[in-house]
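Notes follow the structure.
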Amino acid sequence: MSTLTIAATTGVIALAAGWLTAARTISHQRRLLAHALWLSQHDPLTGLPNRTHAQHLFTRRTTTAGPTALVLLDLDRFKQVNDTHGHHAGDQLLATIAARLAGAATGNGGHAARLAGDEFLLILPIAPGGLDNTVQTIQRTISTSVEITTEQTVRLTITATAGITWCHGTGADWHSQLRQADLALYHARARGLAYQFYRPGMRMPHRPHRHGPRLRDQRPEATT
């Protein structure tokens, strides 16, 4: 083999190796970018859409689909789980509840999201039979006992309080709808109800009257 042939072969091999390295680098960068995008849109603990992505899902649905409901869910006495069993147990509980909510939302043609802490949101189409049965079924799903493993295995049962609002679709404002659901949730807690629909005229109490223990933590049947 001539020196020229050897040089040409070596050059081809080096070029191919360079292309392969570049391809691997590009593929790796794409995976990193995809992961970064996913993290920007999802809650890392539960895998559910976060508040920002929930807004996008709501806007997309109300632009392209029919009447839409927002169901804001707050777990009752969740702080007691962390205080009694530790934050690792609380994280396991949140992940389990999130999976149940995701399944329930998907089964009803909607989406579930985790907004913060023990606060979840469902974005649901309004079924012909209304929302009562859907919400009651979802709350029963949440209240099925959960097996948690820390230093020992324990079974926990937790409930949730819900505030519900809905809109016809086109032109709905995310922030207004979310505030309505939050108002309904507060009134559900104040009245000791499992859930409450938003009604025009609902108001939050003045700030001095909102101090003290959270109302949702005072529901006696919440956690066992």
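Leu93 meets the stated requirement of being in contact with a strand residue (DSSP E or B) (Cβ under 7 Å, 6 or more places away or on another chain), more than 17 Å from Gly163 (Cα to Cα) and at pLDDT 95 or above. The range 59-168 holds strands (runs of 3 or more DSSP E) entirely within its bounds, and those carrying 3 or more residues that are surrounded by fewer than 17 Cβ atoms within 10 Å (Cβ to Cβ) map to 153-156.
Please name all residue pairs, on different chains or six or more residues apart, with Cβ atoms under 8 Å, provided the first residue is in the range 173-195 and is in a loop (DSSP other than H, G, I, E, B) and the second residue is among the polar types (S, T, N, Q). Qualifying pairs under 8 Å: Leu193/Thr161; Ala194/Gln136; Ala194/Gln139; Ala194/Thr159; Ala194/Thr161.
For the range 143-189, filtering for residues that are under 23 Å from Arg199 (Cα atoms) and of a type in the set (Asp, Glu) leaves 2.
The values are calculated or read from the model by the stated rules, or taken from the named source; none is laboratory data. Everything quoted here is computed from the prediction, not taken from an experiment. Note: ideal-geometry Cβ built from the backbone for every residue, glycine included; neighbour counts use all protein chains shown.
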